[in-house]
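> Take this structure first; my questions come after.
FYI, it's all coordinate maths here, none of it is from the lab. These figures come from a predicted structure and were not determined experimentally. With ideal geometry, Cβ positions are generated from the backbone for all residues, glycine too; neighbour counts draw on all protein chains shown.
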Amino acid sequence: RERERERERLPGLAMSQLLSIKETEFVAQDQLITILPNFRMPEISLVAGIIGPFEPQQPVQVPLWLALQLRKEGKCGIIAPDWLDIDNLQATEAQERQDEKNFTPLPYHYAEIASMLLKTAQSDVKDSRKVRTVLANISDLRSCKIKSGLKSIKGKVDFIKLNNISAMELYGIRKFSIKTLNTFKSLSQATGYEPSQISQSASFGNSTQSQSQFSQEDDF
Amino acid sequence: VTWTENSSGENLKAESRVQVSLWLADTLSTREMVELEIPDFLGKQFEQNFLADPVAMNLRDRCPLFYELGRRISGLFGDSSMTSMLLKGLAARYKEIIVRSTVWRSNTHAPFASKLASLEEHLVNTKYNAERKLYKWTTGDLRSSRELSRKRKAQPANSL
């Protein structure tokens with residue numbers, strides 16, 4: 001029912017653009033992560049590819065969904081990714097604070113992966129309390145940058161480019177930004193009005209693309 | 001033109017001023033049968049007041065469908081200054097919406113919330129709902145409001 005209401009409100013948009021939080025989390029679980037199994041099993045053939053073989057205490061890369069399931073069953077330990085290390089996170093936080101305009105490169109699904117690991121495998125994440133705090137700080141800093149960027153939209157904008165934005169941050173602004181762009185565009189098209197200011201152009205980018213500056217000519 | 005609203009079937013005199021629906025005004029104007037007047041809520045006086053402080057203007061009282069009608073009417077008149085007013089006004093109020101979106105339901109923002117046109121309210125609700133869902137996800141409470149209210153209703157029975 002929610003999907004039907006969405007379709008009515010946003011006609012013409014492909015359903016794939018309206019990912020919910022749970023769907024975003026679901027997609028994040030395809031990310032590969034290293035585990036240390038405590039069982040032995042030959043390799044298994046999944047749709048996504050071949051995983052394993054599993055040897056006790058031998059690191060092996062598996063999708064996150066499998067890692068979490070095995071961890072819940074007590075069949076493995078998870079090796080937290082490097083970017084989740086407290087020192088790296090603190091360096092990331094410092095960089096976010098220093099650079100007022102651009103986002104620091106982080107994995108696209110960093111928020112979901114961190115959340116799931118801290119929920120299911122907290123003991124496998126070193127200094128998990130500090131990690132939570134630093135992640136919250138990073139999230140706040142990035143969200144401020146997003147807000148100040150959105151505020152800079154003044155008129156007809158064809159697209160917005162957000163380099164290194166993460167999936168959850170994109171979820172938070174996706175519908176709102178699309179509606180905003182559509183609204184400004186439809187207003188400016190009423191009389192073929194072209195504002196005298198420099199026409200802003202930036203694209204909604206996939207954060208896995210190259211790390212370039214924001215391309216809007218106004219500061220964002 | 002025969003003005004059919006009157007039961008007497010009197011003809012409408014030339015140069016009379018009447019109010020008609022926008023769809024009819026559009027059609028008659030296309031056929032060059034009438035001259036249109038800009039409504040008060042989009043006139044020059046209003047434009048000056050609005051652009052002086054867009055955030056303070058109470059658009060809901062003036063016209064809840066301010067932007068939608070403004071767009072149609074500016075198209076009818078081919079008036080690009082009206083379009084410019086709509087864009088500048090929306091841009092200023094839109095910034096305010098972003099600033100206040102996180103705490104939208106609190107009482108301190110009720111005065112501004114009560115001044116919003118329907119299009120702005122729609123934008124606000126979109127932003128607020130997304131932020132609320134994100135907040136719930138961050139705090140680990142992803143239960144839907146329906147589940148929560150079901151749980152609340154079940155609790156008195158359980159406590160017995």
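> If neighbour count is taken as other Cβ atoms inside 10 Å, put B:ILE73, A:ILE51 in order from fewest to most.
The fewest-first ordering by Cβ neighbours comes to A:ILE51, B:ILE73.
> Round to a whole angstrom and tell me the spacing of the C-alpha centers of segment A:35-52 and segment B:76-90.
62
> First measure r as the distance between the Cβ atoms of A:ALA48 and B:SER118, then evaluate 1/(1 + (r/R0)^6) with R0 = 30 Å and state the FRET efficiency to the nearest 0.05.
Efficiency at R0 = 30 Å is approximately 0.05.
> A 28 angstrom limit on the alpha carbon distance is what I want to check against. Which of A:LYS72/B:LYS136; B:LYS88/B:LYS115; A:LYS22/A:LYS156; A:LYS151/B:LYS133; A:LYS130/A:LYS179 exceed it?
Those over the limit are A:LYS22/A:LYS156; A:LYS130/A:LYS179.
> Assuming R0 = 56 Å, what is the FRET efficiency of A:GLN189 and A:SER123, from their Cβ-Cβ distance, to the nearest 0.05?
For R0 = 56 Å, the calculated efficiency reads 0.50.
> 7 Å from Cα along Cα→Cβ at both B:ALA56 and B:LEU22: what's the point-to-point distance in nm?
For the pair B:ALA56/B:LEU22, the computed spacing is 2.8 nm.
> In what order do B:MET33, A:MET168 fall by count of nearby beta-carbon atoms within 10 Å, going from fewest to most?
Neighbour counts put them in this order, fewest first: B:MET33, A:MET168.
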